[in-house]
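The values are calculated or read from the model by the stated rules, or taken from the named source; none is laboratory data. From a predicted model like this one, the values you see are computed outputs, not experimental measurements. No Cβ is skipped: glycine too gets one built from the backbone with ideal geometry, and neighbour counts run over all protein chains shown. Each accessible area value is taken on the protein alone, full model and side chains, heavy atoms only, with ligands, DNA and RNA left out. Shrake-Rupley method; radii C 1.70, N 1.55, O 1.52, S 1.80 Å.
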Amino acid sequence: MPAIKSSGKSEALLAIAGGPGQSAIENAQGFDKMLTKVRQTRDVLLIDQRGTGQSNQLQCIGDGFEGALAINEADFDVRVETQKCLDELDADVTQYGSLPALKDFEAVRAHLGYQKLHLYGVSYGTRMAQLYMRHYPEHLATVTLDGVVPMQQSVLAIGDAIARAFDLVIQNCKSNALCDNQFPQLAADLNQVDSELAVAAKTSIIADPTTGEATQLTMTRNKFNSALRMALYSPSVRVLIPHAIHQAAKGNFQPITGLYAMSLDSTGIAMGMHASVVCGEDFQRLTPELRAATIANYFGKEMLKSFEQSCAVWNMPAVDDDFSNAIASDIPTLLLSGELDPATPPSWGEMAMEKLTNAKHFVAPYATHGVAYQSCANNLIAELIETAAVTDIDPECLTKDTRRNFYLNASTVEAIPADNTQQETALSQDSALNK
């Protein structure tokens with residue numbers, strides 16, 4: 001995306017997508033909006049990492065949305081389906097890890113003639129940015145890591161981050177008078193539904209959230225928790241979670257299904273590339289201690305079980321042990337974390353700071369995942385790039401209260417009088433969740 005007011009081709013910003021498995025080019029609109037100030041004077045470079053988007057995407061076609069609603073994941077054989085996926089792909093999947101992709105990035109930079117790059121990496125993109133810092137520091141001017149995955153951390157440790165984010169939703173609701181009044185037993189409601197679904201899935205007929213047509217729903221423990229997990233990523237969707245949990249506790253899974261529909265393929269992840277990265281760089285470094293910590297909660301346990309089966313098929317060679325070493329660098333580096341992040345908590349940002357001697361780490365108290373998309377952090381990135389220094393960057397604007405009220409029913413954030421039950425029923429039937 002060329003600079004609005006070009007000042008030459010000596011520098012560009014390389015924006016690196018997350019996942020692993022997301023396409024940078026498919027996210028061009030979001031990058032363009034977030035990096036508007038940067039793009040005034042510098043090109044923004046987007047590269048579909050090998051295995052994503054238009055770079056020989058490693059993707060296997062699964063069930064459509066209707067099939068996903070009806071399926072019981074307990075009947076899904078991960079090993080068999082992974083083998084089918086591998087057989088379909090025209091690629092040596094062992095060549096789709098982060099290090100081969102890093103050489104691609106550097107080859108593009110050299111071909112286009114940029115002397116220096118400013119890096120912006122989000123989520124998994126922060127791993128790619130850190131590898132760039134390690135292997136090609138001479139070509140970097142500044143680095144921004146947003147939603148930090150430190151080199152020392154296996155992404156399989158995400159289970160703790162998810163559990164922490166759920167606890168924060170419950171705490172935030174408890175501290176909000178309207179939410180606490182409407183959902184006084186939110187933690188108990190969540191535990192009730194999770195416990196019931198752990199025993200057996202529940203089958204019912206619901207309105208398809210995308211068409212309104214009657215369709216079969218098999219609500220499983222995995223489907224329920226996955227829908228809530230993905231809702232944690234967006235501040236505007238996060239506020240629907242208490243209502244969705246409360247309704248599920250009363251036997252109404254329509255709101256949860258609405259959340260599920262919103263998140264089913266919103267991440268746009270190429271799962272083959274995802275497997276190449278995780279199986280070679282994360283699964284292989286599981287120590288007995290990390291394994292024990294991973295299975296301590298539901299999400300970690302399920303993720304580990306899935307990768308144990310899929311990685312046995314994918315058969316990725318393990319990266320060298322020094323892959324996990326902390327990055328040592330004096331490149332001006334800005335690290336951004338969202339206090340409410342369900343994937344990369346602030347503690348991960350602190351871990352990445354271990355050997356960064358010219359860096360600052362800021363935590364946005366009301367942001368989830370991807371701080372620069374939700375706050376003034378995009379301005380801080382522009383300042384970093386303009387000054388090539390972190391010294392005088394002021395994070396005060398990140399403390400601006402951008403909290404949204406929790407939805408008290410399916411349609412509004414406002415309290416509805418207790419005796420006005422007909423109005424509440426009508427509003428619920430016409431809700432966005434039910435559409």
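Compared with the dominant Cα axis of the chain, that is its longest principal axis, helix 377-387 is turned about 0°.
Apply 1/(1 + (r/R0)^6) to the Cβ-Cβ distance of ARG164 and SER10, taking R0 = 51 Å, and write down the FRET efficiency to the nearest 0.05.
That gives a FRET efficiency of 0.75.
Give me the net charge of TRP314's neighbourhood, meaning all other residues with Cβ under 13 Å from the Cβ of TRP314; Lys, Arg count +1, Asp, Glu -1. Surrounding charge for TRP314 is -4.
Simple rule: put +1 on each Lys or Arg Cβ and -1 on each Asp or Glu Cβ in the stretch 260-318, find the dipole, and look at TRP314, PRO288, GLY272; the Cα lying farthest toward the positive end is PRO288.
Would you work out the charge dipole size for the chain about its Cα centre, treating the Cβ of every Lys and Arg as +1 and the Cβ of every Asp and Glu as -1, and quote it to the nearest 20 debye?
With only Lys, Arg, Asp and Glu charged at Cβ, the dipole is about 540 debye.
When each of the peptides 246-258, 15-27 is scored by the mean number of other C-beta atoms lying within 10 Å of its residues, the order from highest to lowest reads 15-27, 246-258. Note on the chain: GNM, Cα springs under 10 Å; of SER154, SER55, SER226, the largest mean-square fluctuation is that of SER55. Solvent exposure of the stretch 32-96, expressed per residue, is 56 Å² of accessible area, with all protein chains present and a 1.4 angstrom probe. With all protein chains in place and a 1.4 Å probe, the accessible surface of the chain carries 49 percent carbon and sulfur.
Near SER6, within a Cβ-to-Cβ distance under 10 Å, what is the net charge of the other residues, with Lys and Arg +1 and Asp and Glu -1? Cβ neighbours under 10 Å give a net charge of +2. Candidate values (1) 67, 49, 41; (2) 83, 55, 35; (3) 77, 67, 33 were compared with Cα extents along the principal axes in Å computed on the shown model; the agreeing label is (1). Residues ILE4, ILE327, ILE205, ordered by accessible area of protein heavy atoms at a 1.4 angstrom probe radius and largest first, appear as ILE205, ILE4, ILE327. Accessible area per residue for the stretch 273-334, computed on protein heavy atoms with a 1.4 Å probe, is 44 Å². For the listed peptides 354-365, 209-220, a ranking on the average number of other beta carbons within 10 Å per residue, highest first, reads 354-365, 209-220. Considering only LEU131, ALA101, ALA377, and ranking their Cα positions along the charge dipole of the chain that arises from unit charges at the beta-carbon of Lys, Arg, Asp and Glu, the one farthest toward the positive end is ALA377. The peptide list 29-41, 137-149, put in order of mean Cβ contacts within 10 Å with the highest first, becomes 137-149, 29-41.
Run down the lysines and flag those whose C-alpha is under 30 Å from the C-alpha of LYS116, throwing out any fewer than 8 positions away in its chain. Within the straight-line limit of under 30 Å, LYS116 reaches these lysines: LYS5, LYS9, LYS33, LYS37, LYS103, LYS355, LYS360.
Among ALA275, ALA352, ALA74, the residue with the largest mean-square fluctuation in a Gaussian network model of the chain, with springs joining Cα atoms closer than 10 Å, is ALA74.
With R₀ fixed at 25 Å, the C-beta to C-beta distance from ASN405 to ALA198 puts the FRET efficiency at about 0.20.
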